[in-house]
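Notes for the one structure printed next.
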Amino acid sequence: MTVIENMIKILQRYPNLFLIGTGYTLLLSAITVICASVLGALLALMRRSRLHIGKFYPLHLLATIYIEIVRGTPMLLQLYFFYFLLPALLPFLEMSDFTSITVACIVNSSAYVAEIIRAGIDAVDKGQTEAARSLGLNSRQTMIRVVLPQAIKNILPALCNEFVMVIKETSLASTFFVGELMTQYKTISGALYLPIEPLIIVGCIYFILTFTLSKCIAVFERRLKASER
């Protein structure tokens, strides 16, 4: 029996598992990106904070330590850390494996989102800030009314690309069998003793998801550039 024939039979026998895996993958990715965007924005603002006690900048220091530690350690290590740590710290919440892994993904992604947002803000011409301040706007008003609206055009495409990256990185969650695509692959390959065919199917699903999103992002970026003209 050829590989193609095996793939067809697997698709006919286990379509629900692939659909469930795709659903969990997209759900985990969406929750991660949405929550990481909020946390990342907070971290970016903390890192730009000039609140100080003498020569000590507490918010800037905390955000920098957080970002550097998260970006400087492997994601799989972080998944293990939160998988074992959260239930031990918060036993009264009875966290599911999916919740623990989701928190770990959010923590990981937020560090990268923070840098995306910070870079987007820094890309805005400093003359815009100086002009706003000369018109009497304070720092908060300048950020909200002048800088952020311009920075969003730089930030949004990068955030969409982060979504694509998160979809691929969720494959690491299969280590903990939380139901996403690679977990379904392990289930099917273990039941049929066929390692290659279900792997090809899962790879095709990942490719379809990321390729489709990448093309949508490209269209979105072109429209953003067209709106600037």
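Just one of the listed residues (201, 217, 196, 208) is at pLDDT 90 or above, crowded, with 18+ Cβ neighbours inside 10 Å and over 24 Å from residue 78 (Cα atoms), namely 201.
When 179, 190, 136 are checked against the criterion of being small (Gly, Ala, Ser), modelled with pLDDT of 80 or more and assigned to a loop (DSSP other than H, G, I, E, B), 179 stands alone in meeting it. Among all positions in the stretch 114-132, there is at least one residue which is modelled with pLDDT of 90 or more and of a type in the set (Gly, Ala, Ser). The condition (being of a type in the set (Asp, Glu), surrounded by fewer than 16 Cβ atoms within 10 Å (Cβ to Cβ) and in a helix (DSSP H, G or I)) is satisfied by just one residue among 130, 162: 130.
Table: residues versus (1) of a type in the set (Asp, Glu); (2) within 24 Å of the chain's Cα centre (by Cα).
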| site | (1), (2) |
| --- | --- |
| 145 | no, no |
| 152 | no, yes |
| 167 | no, yes |
| 178 | no, yes |
| 183 | no, yes |
| 192 | no, no |
| 195 | no, no |
| 205 | no, yes |
| 221 | yes, yes |
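Determine, yes or no, whether residue 39 is under 29 Å from residue 116 (Cβ atoms), in contact (Cβ under 8 Å) with a residue 24 or more places away in the chain and among the hydrophobic types (A, V, I, L, M, F, W, C). For residue 39, the condition - under 29 Å from residue 116 (Cβ atoms), in contact (Cβ under 8 Å) with a residue 24 or more places away in the chain and among the hydrophobic types (A, V, I, L, M, F, W, C) - is met.
Of all residues assigned to the stretch 92-103, at least one qualifies as being crowded, with 21+ Cβ neighbours inside 10 Å and hydrophobic (A, V, I, L, M, F, W, C).
Among the listed residues 54, 23, which satisfies the condition of being more than 25 Å from residue 179 (Cα to Cα) and either surrounded by fewer than 12 Cβ atoms within 10 Å (Cβ to Cβ) or out of contact with any helix residue (DSSP H, G or I) (no Cβ under 9 Å at 6 or more places or on another chain) (or both)? Walk me through it before giving the result.
On the way: 23 fails: more than 25 Å from residue 179 (Cα to Cα).
Only one candidate qualifies: 54.
Is it true that residue 123 is over 17 Å from the mean Cα position of the chain (by Cα) and either surrounded by 17 or more Cβ atoms within 10 Å (Cβ to Cβ) or within 25 Å of residue 68 (Cβ to Cβ) (or both)? Full working, then the answer.
Values: over 17 Å from the mean Cα position of the chain (by Cα): yes; either surrounded by 17 or more Cβ atoms within 10 Å (Cβ to Cβ) or within 25 Å of residue 68 (Cβ to Cβ) (or both): yes.
Yes; evaluated as a whole, the condition is true for this residue.
Taking the condition of being of a type in the set (Asp, Glu) and assigned to a helix (DSSP H, G or I), how many residues in the stretch 104-126 meet it? So the count comes out to 2.
The values are calculated or read from the model by the stated rules, or taken from the named source; none is laboratory data. Because the structure is a prediction, the values reported are computed rather than measured. So basically every Cβ, Gly included, is an ideal-geometry build from the backbone, and we count neighbours across all protein chains shown.
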